[in-house]
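Written below as structure tokens is the structure these notes are about.
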Amino acid sequence: MQENAQKNIYDAPEVNTDAIKCKGCGGNMVFDPSTQKLKCPYCNYTEDFGTDGTVEEIAIEDALKKNESWQSETSSFRCTNCGAKIHTDKSITATLCPFCGTAHVVKEADLEGIKPNAVIPFKRTVADVIKNFKSWTKKKLFAPRKFKKTAATDKIKGVYMPLFTFDSQTESVYEGRIGEYKTRTVSTEDGTRTETYTEWRHVSGTLSHFFDDIYINAGKRIDSKNVYNLLPFDYASVKAYDNAYLSGFYAHHYEKDISTCWKEAREEIDKKIKDLIVSKYHCDCVDYLNVSTHHSNVTFKYILAPVYIINYSYKKKNYTIYCNGSTGKFTGKTPVSPLRVAIAVVLGIAVVVGLTFLFMYLNK
């Protein structure tokens, strides 16, 4: 019974003096999303730990000075199949890669870069995910019936994904040309007609705006489409980083460094600034808009965000589903039944043909 309780959260636990020990039975404690406390999976003893909601904003100039060692708190592993680097608390040995589901995992000694300073805790339990996953599959119209009945959830891993958030005070100078659609009546050989034309005007000015928490995905293991579909995380529940949140879970360190992520954040900010400028004017189109922006007081946070990864196979083909560990939102591909697709196509054609005949009949 104890072994099954552990496997609901992770595989192959190891006793380690660095683990958080249960005061009741001496077992390794894990973070329990339902209570937001540490819980012993053996005797169910729970324990509070310091949860600080105040997260330090770090000046971006200090980013390279923040190479604090994370190695003393975590064990590092690399999947030789997909290349993913994962980290666990000291009490766990990774035996399966949470991203591709294979057992090609080897231990590594290095863990370089910036240490996370914030975490969005898991709020959904494995039991929640299993229950909601089955409900989610039932809503997949083209998924095979057999898959819906037998969808396995035995390979669920809770993984903290890396995010960088940026704050920046911006001062922008801009100039451009915007247009407004208008109509006028013109004379022709046959009388008059109405034509649409664009009335252009030049604009220029300044814009001051503070951007708070521009979130950038710092990992590469989940593609952009799936990351977008998982959003938003429960940012209001963000806490100062504490290694206790990793107990029983994996963490994925960033693959895009802070310079790369800050560049992506600036590109996103640039788009938002242009939208803010255009919104100041009544216009229908933009010919061009040149903007020069100065950033000041730029700060960042390195946040770990919760994601459950479900690996399963159906008819010898592997599939991966992702679940937002704070909101329970799912995304990912499921098998498709050719028969169900064919039936949907036939029904669609039948509806179109029926509507066509109805239209012809009513317009006789």
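The values are calculated or read from the model by the stated rules, or taken from the named source; none is laboratory data. None of these values were measured; they are calculated from a predicted model. Reconstructed Cβ throughout: ideal geometry from the backbone, glycine too, with neighbour counts over all protein chains shown. Just the protein is used for accessible areas: all its heavy atoms, side chains included, with ligands, DNA and RNA removed. Shrake-Rupley method; radii C 1.70, N 1.55, O 1.52, S 1.80 Å.
So here's what we get for this one:
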{"read-out": "Val159 at pLDDT 85 or above, more than 30 Å from Asn217 (Cα to Cα) and open to solvent by less than 40 Å² (accessible area, probe 1.4 Å)", "value": "no"}
{"read-out": "Hey, Asn217 touching a residue at least 12 places away in the same chain (Cβ under 8 Å), of a type outside the set (A, V, I, L, M, F, W, C) and open to solvent by 60 Å² or more (accessible area, probe 1.4 Å) or not", "value": "no"}
{"read-out": "Failed condition for Phe233, given (1) in a helix (DSSP H, G or I); (2) within 20 Å of Phe166 (Cβ to Cβ); (3) open to solvent by less than 30 Å² (accessible area, probe 1.4 Å); (4) of a type in the set (A, V, I, L, M, F, W, C)", "value": "(1)"}
{"read-out": "Pro116 vs. criteria modelled with pLDDT of 80 or more and not aromatic (Phe, Trp, Tyr)", "value": "yes"}
{"read-out": "Residues of the stretch 25-45 satisfying the condition of being small (Gly, Ala, Ser) and open to solvent by less than 60 Å² (accessible area, probe 1.4 Å)", "value": "Gly26, Gly27"}
{"read-out": "Close pairs (8 angstrom Cβ cut-off, 6 or more residues apart or separate chains): over 17 Å from Lys157 (Cβ atoms) and open to solvent by 50 Å² or more (accessible area, probe 1.4 Å) in the stretch 115-142, β-branched (Val, Ile, Thr) and at pLDDT below 90 anywhere", "value": "Lys134/Thr153; Lys140/Thr334; Phe142/Val336; Phe142/Val341"}
{"read-out": "Test result for Thr299, part of a strand (DSSP E or B), open to solvent by 20 Å² or more (accessible area, probe 1.4 Å) and farther than 26 Å from Phe166 by Cβ", "value": "no"}
{"read-out": "So Phe210, is it open to solvent by 20 Å² or more (accessible area, probe 1.4 Å) and not charged (D, E, K, R)", "value": "yes"}
{"read-out": "Any hit, the stretch 309-322, residues being over 20 Å from the mean Cα position of the chain (by Cα), open to solvent by 20 Å² or more (accessible area, probe 1.4 Å), on the phi > 0 side of the Ramachandran plot and among the basic types (Lys, Arg)", "value": "yes"}
{"read-out": "Flag if Cys261 is part of a loop (DSSP other than H, G, I, E, B), modelled with pLDDT of 75 or more and either surrounded by 15 or more Cβ atoms within 10 Å (Cβ to Cβ) or not small (Gly, Ala, Ser) (or both)", "value": "no"}
{"read-out": "All positions within the stretch 172-207 that are closer than 15 Å to Ser292 by Cα and either open to solvent by less than 70 Å² (accessible area, probe 1.4 Å) or touching a helix residue (DSSP H, G or I) at 6+ places or on another chain (Cβ under 9 Å) (or both)", "value": "Ser172, Tyr174, Gly176, Val203, Gly205, Leu207"}
{"read-out": "Filtered residues of the stretch 200-221 (kept if in contact with a Phe, Trp or Tyr (Cβ under 8 Å, 6 or more places away or on another chain), more than 30 Å from Glu255 (Cβ to Cβ) and not small (Gly, Ala, Ser))", "value": "Val203, Thr206, Leu207"}
{"read-out": "Per-region count, the stretch 220-230, residues surrounded by fewer than 19 Cβ atoms within 10 Å (Cβ to Cβ) and in contact with an Asp or Glu (Cβ under 8 Å, 6 or more places away or on another chain)", "value": "1"}
